[in-house]
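To start, the structure itself, in structure tokens.
The values are calculated or read from the model by the stated rules, or taken from the named source; none is laboratory data. Bear in mind the structure is a predicted one, so any value in this text is a computation, not a measurement. Ideal geometry is used to build each Cβ from the backbone, glycine not excepted, and the neighbour counts take in all protein chains shown. With ligands, DNA and RNA removed, areas are computed over all heavy atoms of the protein, side chains included. Shrake-Rupley method; radii C 1.70, N 1.55, O 1.52, S 1.80 Å.
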There are 2 protein chains.
Amino acid sequence: MVISDQLVQQIKEKESPIVVGLDPQYEQLPNLIREISEKKRGETLEAAGDAIFEFNKGLIDAIYDIVPAVKPQIAYYEQYGIPGLIAYQKTCRYAKEKGLIVIGDIKRSDIGSTSEAYSRAHIGKTAVGSCNFEAFPADIVTINPYMGTDTIRPFLEKIEAYEKGIFVLVKTSNPSSNEIQDQCIRKIPLYEKVAECVYGWGKDSIGSSGYSAVGAVVGATYPEEMKKLRLLMPNAYFLVPGYGAQGATASDIVHAFNKDGLGAVVNSSRGIIYAYQKSAQTYQEAARQSTLLMKKDIMEALRKHK
Amino acid sequence: MVISDQLVQQIKEKESPIVVGLDPQYEQLPNLIREISEKKRGETLEAAGDAIFEFNKGLIDAIYDIVPAVKPQIAYYEQYGIPGLIAYQKTCRYAKEKGLIVIGDIKRSDIGSTSEAYSRAHIGKTAVGSCNFEAFPADIVTINPYMGTDTIRPFLEKIEAYEKGIFVLVKTSNPSSNEIQDQCIRKIPLYEKVAECVYGWGKDSIGSSGYSAVGAVVGATYPEEMKKLRLLMPNAYFLVPGYGAQGATASDIVHAFNKDGLGAVVNSSRGIIYAYQKSAQTYQEAARQSTLLMKKDIMEALRKHK
């Protein structure tokens, strides 16, 4: 099944267009998890890796039945070196076991031959002799479009071969995204030009839901831009960061959705995974409760918006 | 010492503005290396990782005295999963032991907090309790500018704290780099706008050589654009891909250099590391010989150009 159809199915079943971002920072993990890990392995990257996977496992157990997908941000794992990336890998696998769609937030891109290697690494397979391996098993990955179509092509091939997907950075949520992305070309901002590319790249992978396996990252922190982008990419699923810790609200986010109530998944990372720091609950209870609150917040805003 | 001064020193000592790109593809490695590795570990990612490090070690031994730097492209390691990234790490460490500057070709970027994690991972340090670790030990890394200044700032902080450097993608060597990078804003192409940013980002890290720790990636496949970019970023070192396998010649490349004969390092990957496939020599002899030929080719073109 086309990945966008899998996503739509899960969103409908769970009535939840929410993605939990798994961005683990060791010193923010619950004391108990860190203590157990350090007791075994000392103050090492291995201890951090173990603790991170333990933490993520607990989070996934707490929210797998109320969200369609999780989004591990690979930078937070890379900083812990090899043990960190082992935790990334184990997190992806565990989330998949629990039936979740895994969005690897990797923001890769490079010239054709190198993009081929990245696409094999994250949504494809790598051959060693006659055997094939999944190096890092994501279902969908985020992609940076700065280098153009030939950086995207290898990913499009993997989408077709393995029922995978991509979200292309169109308009990102960070404050300085305007510096490059908002530059105007004959009065049209660059991000709209990228949106046109995304529309083209996605034409051949539209599922029965009407949505393509080629989606777009559109930051919730720019609601006016979002309205325009929704019209320019009717078939693209939007991955929407910026809710919560980055400042966007549910009323900013409604413009990411189409009239069918579909077309977007909203991510929250820190607001969910570190909710326990402002609560008397365990980190798992706090994560579940804040996910449910976010779901309620967004579903209400969507109903009002209809 | 500022990293650009270290680079200039090595280039002068070795009379060689050449970077060898370490982009290992398992099936292209010499039969003997693969056979030994597979005998021990079967057709596994571990076998690929071992073989890749063995291959790279041989390459480094063959060229460390005639080039200032090597550039492992991390995508080629990521595709072999954890064993691939162990090979990346060991390659970086071995090259540094041999006195080489390591350019990690990672092309990362993300929102501020995530870029902080990437910068820690590749040119900084990661804390676990009271201990600090170098996750992936590069000296300089490549960075994608699509998300703007706040994605660059954490890297600039690491440059200052740890004497590291970055090369920002300005005009890449691939055929479709025009799609985004050549879009004109009030008659000025986007890549020139990025060049202005690079100039600004690099102002605070200029060494005694006159060059900044913030450099630029400028593809050799676009010589006309290169001429303009050289004038726009006088203090930036250029990392120049595209020579050899991608089609650019020494006469295309001369425009990347300043009048002092400095200001650029030219990369070749496939043309050097797989030179043995078109030769009766060992892969080490062939790599050394093709590096020396490339050096001669470029130094002659530079003399003519003066």
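For segment A:96-144, give me every one of the strands (runs of 3 or more DSSP E) that falls completely inside it and has 3 or more residues that are open to solvent by less than 20 Å² (accessible area, probe 1.4 Å), more than 7 Å from chain B (Cβ to nearest Cβ) and hydrophobic (A, V, I, L, M, F, W, C).
Working: elements: A:101-108, A:126-128, A:131-133, A:140-143.
Once the strands (runs of 3 or more DSSP E) in segment A:96-144 are filtered for at least 3 residues that are open to solvent by less than 20 Å² (accessible area, probe 1.4 Å), more than 7 Å from chain B (Cβ to nearest Cβ) and hydrophobic (A, V, I, L, M, F, W, C), what remains is A:101-108, A:140-143.
Sort out which residues of segment A:249-262 are small (Gly, Ala, Ser) and open to solvent by 10 Å² or more (accessible area, probe 1.4 Å), and write them in order of number. Show your work before the answer.
Here is the first cut: in segment A:249-262, the ones small (Gly, Ala, Ser) are A:250-251, A:256, A:261.
A:251, A:261, listed by residue number.
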Next item on the list: Determine whether residue A:42 is touching an Asp or Glu at 6+ places or on another chain (Cβ under 9 Å) and at positive phi.
Entry: no
Notebook entry, point to check: Given the structure, is residue A:199 open to solvent by 40 Å² or more (accessible area, probe 1.4 Å), touching a residue at least 24 places away in the same chain (Cβ under 8 Å), assigned to a helix (DSSP H, G or I) and more than 9 Å from chain B (Cβ to nearest Cβ)?
Noted result: yes
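To keep it simple, each residue is scored yes or no on (1) in a strand (DSSP E or B); (2) within 14 Å of chain B (Cβ to nearest Cβ); (3) at pLDDT 95 or above; (4) under 18 Å from the mean Cα position of the chain (by Cα).
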site: A:20; (1), (2), (3), (4): yes, no, yes, yes
site: A:24; (1), (2), (3), (4): no, yes, yes, yes
site: A:54; (1), (2), (3), (4): no, no, yes, no
site: A:57; (1), (2), (3), (4): no, no, yes, yes
site: A:92; (1), (2), (3), (4): no, yes, yes, yes
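Condition test on residue B:86, is it open to solvent by 10 Å² or more (accessible area, probe 1.4 Å), in a helix (DSSP H, G or I), within 12 Å of chain A (Cβ to nearest Cβ) and of a type in the set (Val, Ile, Thr)?
On the way: open to solvent by 10 Å² or more (accessible area, probe 1.4 Å): yes; in a helix (DSSP H, G or I): yes; within 12 Å of chain A (Cβ to nearest Cβ): yes; of a type in the set (Val, Ile, Thr): yes.
When the stated conditions are applied, residue B:86 passes them.
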Notebook entry, point to check: Out of (1) open to solvent by less than 10 Å² (accessible area, probe 1.4 Å); (2) under 26 Å from residue B:186 (Cβ atoms), what's the single condition that is false for residue A:149?
Noted result: (1)
Margin query: For segment B:97-123, which positions are of a type in the set (Lys, Arg) and over 14 Å from the mean Cα position of the chain (by Cα)?
Written below: B:98, B:120
Next item on the list: Tell me, please, whether a residue that is surrounded by fewer than 21 Cβ atoms within 10 Å (Cβ to Cβ), closer than 25 Å to residue A:93 by Cβ, among the acidic types (Asp, Glu) and within 7 Å of another protein chain (Cβ to nearest Cβ) can be found in segment B:33-41.
Entry: no
Notebook entry, point to check: If only one of A:65, A:50 is more than 30 Å from residue A:160 (Cβ to Cβ), open to solvent by 10 Å² or more (accessible area, probe 1.4 Å) and assigned to a helix (DSSP H, G or I), which one is it?
Noted result: A:50
Item checked: Residue list for segment B:154-186, restricted to those being outside any helix (DSSP H, G or I), within 7 Å of chain A (Cβ to nearest Cβ) and not hydroxyl-bearing (Ser, Thr, Tyr) -> B:169, B:174, B:183, B:184, B:185
Notebook entry, point to check: What tally of residues in segment A:212-262 results from selecting those that are in contact with a strand residue (DSSP E or B) (Cβ under 6 Å, 6 or more places away or on another chain) and under 20 Å from residue A:300 (Cβ atoms)?
Noted result: 10
Next item on the list: Run down A:220, A:236, A:245 and say which single residue is surrounded by fewer than 21 Cβ atoms within 10 Å (Cβ to Cβ) and within 18 Å of the chain's Cα centre (by Cα).
Entry: A:245
